[in-house]
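> One structure, as structure tokens, below. Some questions next.
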Amino acid sequence: MKWVSYRSSDGSERCGLVQGAKILGHAAGVTLLDLLRSGEGLEAAAALVTSSPAEIVDLAWADVLAPIPVPPSVRDFAAFERHVSNAAVVAGGDGTVSPIWYKEPVFHFSNPAAIRGPRDDVPVPAGTKSWDYEVEVAAVIADDCSDLDAATAESHIAGYLVYCDWSARDLSAREMGFVFGPSKSKDAATSLGPYLVTPDELEPHRSGKGYTLTMNGYVNGELYGGGSWGEIHWSFGEMLAHASRDTTLRAGDIIASGPVGTGCIFELSEHRDYLTPGDTVRVEVERLGTVEARIVDKGEKLVPEMMIARSILIAAPPAAVFDVIADPRRHAHFDGSGTVADTITAPDRLTLGSEFSVSMVLFDVPYEVTNTVLEYEKNRRIAWAHPGRHRWRYELEEVEGGTLVTETCDFTTSPWGERVAGSAWSRRDAEAIEKSLPRLKALVERGA
């Protein structure tokens with residue numbers, strides 16, 4: 001099973017079961033943490049929402065939150081030997097791992113109040129110039145438990161999720177010189193999600209103490225590093241046993257693995273720069289999904305833009321440009337969002353009232369949307385209504401040197417437009433337009 005937490009159109013926080021490209025939503029106000037604390041188990045909750053969902057929501061358009069937005073506690077281990085060895089080299093050593101590390105798993109507490117969703121922006125905290133990500137996986141505790149045995153402790157795991165621990169390496173270097181270990185260097189942000197995936201989904205991939213599932217980190221679309229969950233030295237059972245000794249783990253607690261080898265810039269800092277505002281980080285764990293975050297200035301505020309418009313000059317007549325845009329089977333060739341996979345059904349050429357269906361991929365889930373052309377003036381303007389009822393519009397103006405093309409994402413036509421425009425979605429739409437227009441230009445000019 002895959003579970004998500006999301007904010008419904010009525011503003012309530014809910015949880016839901018993912019089935020294909022849909023979320024089967026639970027009642028308003030019922031969270032995943034509520035389900036875990038109830039003691040009835042996720043299987044029973046799944047049966048309820050499958051037979052009688054409170055609402056059904058398209059996953060692609062849902063306002064997805066961290067699966068556990070405010071966990072009772074967060075423990076972050078260092079369970080991958082290759083990361084520990086690489087970090088020792090960067091710190092000036094020869095890569096030898098301390099014998100203490102092999103005796104028992106070690107962890108630090110992180111900040112439950114700093115949890116962010118899988119698509120939330122992440123600001124660079126004050127005082128750091130070495131902002132970093134970490135590619136990790138985490139377990140969510142299913143029920144209150146204590147003094148667990150490593151051999152059976154995994155039976156207390158409700159599911160796993162992608163975990164990205166954001167770290168200020170320069171602050172950490174100062175803090176680690178004292179016996180208390182990391183504090184403010186790990187205090188600002190932790191990204192979780194998008195899914196809570198139950199252990200049975202992963203069992204076919206079991207290998208040794210982990211799973212043969214890839215874990216990778218990307219910056220601005222470029223693969224920086226990563227490895228396999230199967231490399232893990234300390235199993236989650238061993239980590240849970242250690243964490244629960246002489247104390248109680250609570251339902252909803254987060255137990256994180258620490259970064260996989262080369263799953264952070266710190267290990268690669270001889271040839272990789274740390275993060276700065278404007279960078280985009282993607283953390284992927286196979287079968288668990290993706291966290292994707294834009295790095296921003298601490299004080300940056302998103303100003304809602306109800307009409308996102310960008311323009312480009314294309315060295316071709318309007319008719320040549322219009323021919324490409326009006327051919328729905330060519331949209332994937334210049335799409336800059338990375339979500340358009342293929343055109344499924346469409347006429348050879350769009351006209352007023354035309355409908356065309358497109359296969360898409362978002363949140364690692366394939367889905368389909370059907371658009372309708374509502375504005376049309378040959379060689380001058382075309383716009384189609386998106387299922388979210390906002391419009392994508394292309395306007396063409398003949399100018400000296402060719403055609404000035406303006407692409408607009410217009411939220412004014414959608415009843416949810418103001419809410420979407422005020423979210424991180426609008427920034428991603430702006431970035432998609434900024435990538436699409438140069439691709440359209442290249443496509444048309446090659447043809448011309």
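> Choose one answer from Ala78, Ala151, Ala21: the residue with the largest mean-square fluctuation in a GNM of the chain with alpha-carbon springs under 10 Å.
Sorting by GNM fluctuation, first place goes to Ala151.
> Set the Förster radius R0 to 60 Å, insert the Cβ-Cβ distance between Val70 and Asp348 as r into 1/(1 + (r/R0)^6), and round the FRET efficiency to 0.05. Working shown, then result.
Values: r = 52 Å, r/R0 = 0.87.
E between Val70 and Asp348, to the nearest 0.05, is 0.70.
> For Glu43 paired with Ser357, estimate the spin-label separation in nm (one decimal), with each label point 7 Å from Cα along the Cα-to-Cβ line.
Calculated label separation equals 3.6 nm.
> Which value, in Å³ per residue, describes the convex hull spanned by the Cα atoms of the chain? All intermediate terms of the calculation are to be shown ahead of the outcome.
On the way: hull volume 70.3 nm³, N = 448.
With only Cα atoms used, the chain gives 157 Å³ per residue.
> Only Cα pairs within less than 10 Å get springs; with that Gaussian network setup on the chain, which residue of Pro438, Pro99, Pro71 has the largest fluctuation?
Sorting by GNM fluctuation, first place goes to Pro99.
> Let me ask something else about it. FRET efficiency for Asp297 and Arg381, Cβ-Cβ distance as r, R0 = 30 Å, nearest 0.05?
Working: r = 37 Å, r/R0 = 1.22.
About 0.25, to the nearest 0.05.
> Still on this structure, I have one more. To the nearest 10 degrees, how steeply does helix 81-90 sit against the main Cα axis of the chain, on a 0 to 90 scale?
The two axes meet at around 80 degrees.
> For the chain, modelled as a Gaussian network with Cα springs under 10 Å, which listed residue fluctuates most, Ile141, Ile344, Ile254?
Of Ile141, Ile344, Ile254, the Gaussian network model singles out Ile344 as fluctuating most.
> Return the percentage of antiparallel bridges among DSSP beta bridges fully within the chain, rounded to the nearest 5 %. Spell out each step's value before the answer.
Numbers: 98 of 105 bridges.
Counting DSSP beta bridges with both partners in the chain, the antiparallel share is about 95 percent.
> Need the list of aspartates and glutamates near Lys103 for cross-linking: C-alpha distance under 14 angstrom, and skip anything on the same chain fewer than eight residues off.
Glu81, Glu238
> Using protein chains only and a probe of 1.4 angstrom, how many square angstrom of His333 are accessible, to the nearest 10?
120 Å²
> Computing the accessible area with a 1.4 Å probe over protein heavy atoms, can you report the carbon and sulfur percentage for the chain? Please report the intermediate quantities before stating the final value.
Details: 9730 of 19190 Å².
So the carbon and sulfur contribution to the accessible surface is 51 percent.
> Another one. Where the convex hull is taken over the Cα atoms of the range 317-377, what is its projected area averaged over directions, in nm²?
Values: hull surface 17.5 nm².
Convex hull of Cα atoms, orientation-averaged projection: 4.4 nm².
> Now for a separate question. So if R0 is 51 Å, what FRET efficiency would Thr50 and Glu400 give, r being the distance between their Cβ atoms, rounded to the nearest 0.05?
Values: r = 61 Å, r/R0 = 1.20.
According to the calculation, E is roughly 0.25.
> May I ask for the angle, rounded to the nearest 10°, between helix 42-51 and the longest principal axis of the chain, with both axes built from Cα atoms and the value confined to 0 to 90°?
Roughly 30 degrees, rounded to the nearest 10.
> Rank these residues by their accessible area, most exposed first, probe 1.4 Å: Leu65, Leu240. Present the calculation step by step, with values, prior to reporting the outcome.
Working: Leu65 25, Leu240 0 Å².
If we order Leu65, Leu240 from most to least accessible, we get Leu65, Leu240.
> Given points 7 Å out from each Cα along the Cα-Cβ axis, report the Glu81 to Ala341 separation in nanometres with one decimal.
Placing both labels 7 Å beyond Cα along the Cβ direction yields 3.9 nm.
> From the backbone phi of the range 193-204, what are the Karplus-calculated ³J(HN,Hα) couplings (6.51 cos²θ - 1.76 cosθ + 1.60, θ = phi - 60°) in whole Hz, Gly and Pro given as x?
Each residue of the range 193-204 in turn: x, x, 10, 9, 9, 5, x, 4, 5, 9, 3, x Hz.
> While we're on this one: For helix 424-447, what angle does its Cα long axis make with the longest principal axis of the chain, in degrees from 0 to 90 and rounded to 10?
Once rounded, one gets 50 degrees.
> At Asn111 and Gln19, where each label point lies 7 Å from the Cα along Cα→Cβ, what is the point-to-point distance in nanometres?
4.0 nm
> From the backbone phi of the range 255-267, what are the Karplus-calculated ³J(HN,Hα) couplings (6.51 cos²θ - 1.76 cosθ + 1.60, θ = phi - 60°) in whole Hz, Gly and Pro given as x?
These are the phi-based 3J(HN,Hα) values: 10, 9, 7, x, x, 5, x, 6, x, 7, 5, 3, 5 Hz.
> Any idea of Ile382's accessible area? Nearest 10 Å², probe 1.4 Å.
We get 0 Å² for Ile382.
The values are calculated or read from the model by the stated rules, or taken from the named source; none is laboratory data. In this text the structure is predicted, and so the values were computed from the model without any measurement. Cβ coordinates were reconstructed from backbone atoms using ideal geometry, including for glycine residues, and neighbour counts include every protein chain displayed. SASA here: full protein model, heavy atoms, side chains in, ligands and nucleic acids out. Shrake-Rupley method; radii C 1.70, N 1.55, O 1.52, S 1.80 Å.
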